[in-house]
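S.K.: Here it is, the structure in full.
The values are calculated or read from the model by the stated rules, or taken from the named source; none is laboratory data. Keep in mind that what you see is a predicted model, and the values were worked out from it rather than measured. Here the Cβ positions follow ideal geometry from the backbone for every residue, glycine too, while neighbour counts run over all protein chains shown. Quick note on the areas: whole protein, heavy atoms, side chains included, nothing else; ligands and nucleic acids left out. Shrake-Rupley method; radii C 1.70, N 1.55, O 1.52, S 1.80 Å.
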Amino acid sequence: MAFFRGLTAVSRLRSRVAQEATTLGGVRWLQMQSASDLDLKSQLQELIPEQQDRLKKLKSEHGKVQLGNITVDMVLGGMRGMTGMLWETSLLDPDEGIRFRGLSIPECQKVLPTAVKDGEPLPEGLLWLLLTGKVPTKEQVDALSKELASRSSVPGHVYKAIDALPVTAHPMTQFTTGVMALQVESEFQKAYDKGMSKSKFWEPTYEDCLNLIARLPAVASYVYRRIFKGGKTIAADNALDYAANFSHMLGFDDPKMLELMRLYITIHTDHEGGNVSAHTGHLENPGVSVWPFNALGKVGSALSDPYLSFAAALNGLAGPLHGLANQEVLLWIKSVIGETGSDVTTDQLREYVWKTLKSGKVVPGFGHGVLRKTDPRYTCQREFALKYLPEDPLFQLVSKLYEVVPPILTELGKVKNPWPNVDAHSGVLLNHFGLSEARYYTVLFGVSRSIGIGSQLIWDRALGLPLERPKSVTMEWLENHCKKVAA
């Protein structure tokens, strides 16, 4: 279900990209908006009844249509390849990578508003796109940026809750604690306790999600400054856009770093619902998917408010096989340099990769559960590096790894996707501009993912998706079932 209807061509480029999207991503039309429609919530109020009717029609006319077969391998392999969740905001294609409302990352870079000429997309623009299915104007993005700034004040008790933890606690532990402390502000919880119609659930959910998205940069930067900068915080500059203000509060004001933060947040916002964090947050908030953001799905479908859902998602994201991977990549790259020196040759690198694999470990940053080609999020970060830091030693090492690792993994014959993913590059870029504390990187990921998770939670409530309750089985059941089938 995508929310694309009419097309108003505001430029030849946008019109062309929109038309390409109809064929590349199965999207019917990409709607462009006029500058007069500045209120995001009013946009949703117009869209929701139409999509509610669409869902009812889909269920009544096609509810019994089969979507595929389930094999034992799928059950034992973490439900990989199963179609089992409705996730409106993005779709992951094995060959093309992620599409946000039908638009690929390169297409988003072309049509979404930017802060500077020929710059990276503003995350506020992607938030608008994910929620409405429409590419916003610069005026709409600026209005949304101001709205988020107006919602960004964090209550003092949140900082006190974080301060109650040892400063040595992992950044994700402190960050999640801050999110849980924000939960006492939940508009959904207040409205639900008073009693309200299910048809109105989306409205307080919208308030919670935008408040959460708006406040996370302040909470996340507080955690960073507390752990790594002696607790000396930096006040927000609400004249800046969302990503730039976040970078500023962290302590990084280089214009190139601001651009990197805009790119980083944009490409990390959403990756359909099957990943651990999205699925986790969604399940306590009705939906269809499986990975660390999977907790979102399970938690969200139980009508847990967005704060509880997102906190659950963050705990999934903190795992080493999910969001923590970007931390592991930079540490591994630095271990290569520590053993071989900065001027590592291709042969030395190949030897070190084999050494890593033979020790029973994986090469972090390569492979993906769904993708079968190089992750487009890796590609756009590589393009950023070629533009701004082509001589950086760590970037040059990452480039060599791109040449060395895939052939080795292919030779092993055990990996379906030997190509680099998003985590293979992000740490090197952040490190170049001074954000070198790898333990913190997953927090950046978490701030970014709030935009995708929040957008889907709002639509979960608007569409009235049910409590998720997939059927589980035991190994004995599987063995007996297979025997029956064989007989």
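S.K.: Run the reach check for residue 416 against aspartates and glutamates, Cα to Cα strictly under 18 Å, same-chain hits fewer than 8 apart removed. What comes back?
M.R.: Reachable aspartates and glutamates: 73, 93, 95, 96, 375, 403.
S.K.: Enter the accessible area of residue 83 (Å², nearest 10), with the probe set to 1.4 Å and all protein chains included.
M.R.: 100 Å²
S.K.: Out of residues 5 or more away from residue 90 or on other chains, whose amide H comes under 5 Å of its own, with H placed 1.01 Å from N in the peptide plane?
M.R.: Distant-sequence amide H within range of residue 90: 101, 272.
S.K.: Could you pull out every one of the lysines with an alpha carbon less than 18 Å from that of residue 138, ignoring same-chain neighbours closer than 8 positions?
M.R.: In chain and number order, the partners are 41, 110, 117, 146.
S.K.: What lysines sit close enough to residue 484 to cross-link, taking a C-alpha to C-alpha distance under 27 Å and skipping anything fewer than 8 places away on the same chain?
M.R.: Partners found: 64, 471.
S.K.: Around residue 434, under 13 Å between beta carbons, what's the net of Lys plus Arg minus Asp minus Glu among the other residues? Could you put the intermediate results ahead of the total?
M.R.: Details: positive: 229, 256; negative: 253, 254, 392, 437.
Around residue 434, the surrounding residues sum to -2.
S.K.: Within the range 182-272, which trypsin sites (Lys or Arg not before Pro) sit in a loop by DSSP and count at most 11 neighbouring Cβ atoms inside 10 Å? Don't skip to the end; give the middle numbers.
M.R.: On the way: sites: 190, 194, 198, 200, 215, 225, 226, 229, 232, 256, 262; in loops: 229, 232.
Sites meeting the loop and neighbour criteria: 232.
S.K.: Could you give the dipole magnitude of the range 325-437 about its Cα centre, charging the beta-carbon of Lys and Arg +1 and that of Asp and Glu -1, in debye to the nearest 20?
M.R.: 500 debye
S.K.: From the phi of every residue in the range 357-366, what ³J(HN,Hα) in whole Hz does the Karplus formula 6.51 cos²θ - 1.76 cosθ + 1.60 yield, where θ is phi - 60° and glycine or proline is x?
M.R.: Ordered by residue, 3J(HN,Hα) equals 5, 5, 7, x, 9, 9, 8, x, x, 10 Hz.
S.K.: Given a 1.4 Å probe and the protein chains all in place, what does the accessible area of residue 209 round to, in Å² to the nearest 10?
M.R.: Taking all protein chains as shown, residue 209 has close to 0 Å².
S.K.: What is the gain in length, in nm to one decimal, between residue 235 and residue 414 on full extension, counting 0.36 nm per residue of separation less the C-alpha to C-alpha distance? Could you put the intermediate results ahead of the total?
M.R.: Numbers: separation 179, 0.36 × 179 = 64.44 nm, distance 4.97 nm.
Taking residue 235 through residue 414 to full extension adds about 59.5 nm, to one decimal.
S.K.: Going from most exposed to least, what order do 76, 401 have by accessible area with a 1.4 Å probe?
M.R.: Details: 76 115, 401 10 Å².
The residues order as 76, 401, largest area first.
S.K.: A further question on this structure: Once you have a ≥ b ≥ c as the square roots of the Cα gyration tensor eigenvalues for the range 325-437, tell me rounded if a/c is under 1.5, and otherwise prolate or oblate according to whether a/b is larger than b/c.
M.R.: Oblate shape, in that a/c is at least 1.5 and b/c is the bigger or equal ratio.
S.K.: Multiply the residue gap between residue 70 and residue 339 by 0.36 nm, knock off their C-alpha separation, and tell me the result in nm, one decimal place. Intermediate results must be reported in sequence, preceding the final value.
M.R.: Working: separation 269, 0.36 × 269 = 96.84 nm, distance 4.61 nm.
Additional length available on full extension: 92.2 nm.
S.K.: Could I ask something else about it? How do 261, 82 stack up against each other in accessible area, from largest to smallest, with a 1.4 angstrom probe? Let's see the in-between values first.
M.R.: Values: 261 0, 82 60 Å².
Largest accessible area first, the residues go 82, 261.
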